[in-house]
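The values are calculated or read from the model by the stated rules, or taken from the named source; none is laboratory data. Please read all numbers here as calculations on a predicted model, not as lab measurements. Cβ: placed from backbone, ideal geometry, glycine included. Neighbour counts: every protein chain shown.
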Amino acid sequence: MIENMSKGLNHRHPHIAYLSVGSNLGHKLENCRSGIAALTHSTDIRLIDQSSIYRTDPVDYRDQDWFVNYVVKIETDLDPLSLLKFLKSIEHAAGRVRPAIRFGPRILDLDIILYDDAVLDESTLTIPHPRMHKRRFVLKPICDIDPDIKHPVLQQTMSFLLENLGEAEQGITEYK
Ligand code: ADP
Ligand code: MG
């Protein structure tokens, strides 16, 4: 008991999370970059790695402009709900307004894809992200960073999930 308490007090407990970043309105890449810059201004978040940057076709709601998408790997002291709250505040500060159309155009979208090996299903937060294993625009960039990590529910690696994606329709090319 005493040992546990002193552990809690004396050790910070950083977590690893993968975040998906996207924009399809205005200066798309600039919106994403500013969002990530805002993220790393927090002393509770350190940027560890970043994927290539992609130009992707919209998937869920297709009648809209193409997206800039990529993934960042962070180390954080925030718990998942605090991290989500912080991401939403950054989206809001970027000028995002909610929502005319679900899955519709957005200035900045910041999603939590993975958080350690956590499996979470709360009303406002599901981890792993519930659609990540079906999305080329998430799996491809994650594979740039860590292709061998496993989805904590499906128990399959990111590269396996990418290679076994069903639809050929999700257009994605490197952004120049
Ligand atoms: P999208 O699913 O297109 O990213 P939004 O960004 O509008 O849609 O998010 C809708 C809601 O999804 C958020 O308000 C948030 O509470 C919830 N949500 C559930 N799981 C996650 C997650 N892993 N990452 C980010 N938001 C999530
Ligand atoms: Mg989102």
In segment 107-160, the residues that are outside any loop (DSSP other than H, G, I, E, B), without any contact (Cβ under 8 Å) to a residue 40 or more places away in the chain and of a type in the set (A, V, I, L, M)
L139, M158
Right, A94: of a type in the set (G, A, S), surrounded by 13 or more Cβ atoms within 10 Å (Cβ to Cβ) and within 14 Å of ligand 2 (Cβ to nearest atom) or not?
yes
Within segment 90-106, of all residues that are charged (D, E, K, R) and in a loop (DSSP other than H, G, I, E, B), the one nearest to S23 (Cα to Cα) is R106
Quick check on S89: is it within 16 Å of ligand 1 (Cβ to nearest atom) and at pLDDT 90 or above?
yes
Condition first: at pLDDT below 90, assigned to a loop (DSSP other than H, G, I, E, B) and not polar (S, T, N, Q). Can you find one or more residues in segment 63-74 that meet it?
yes
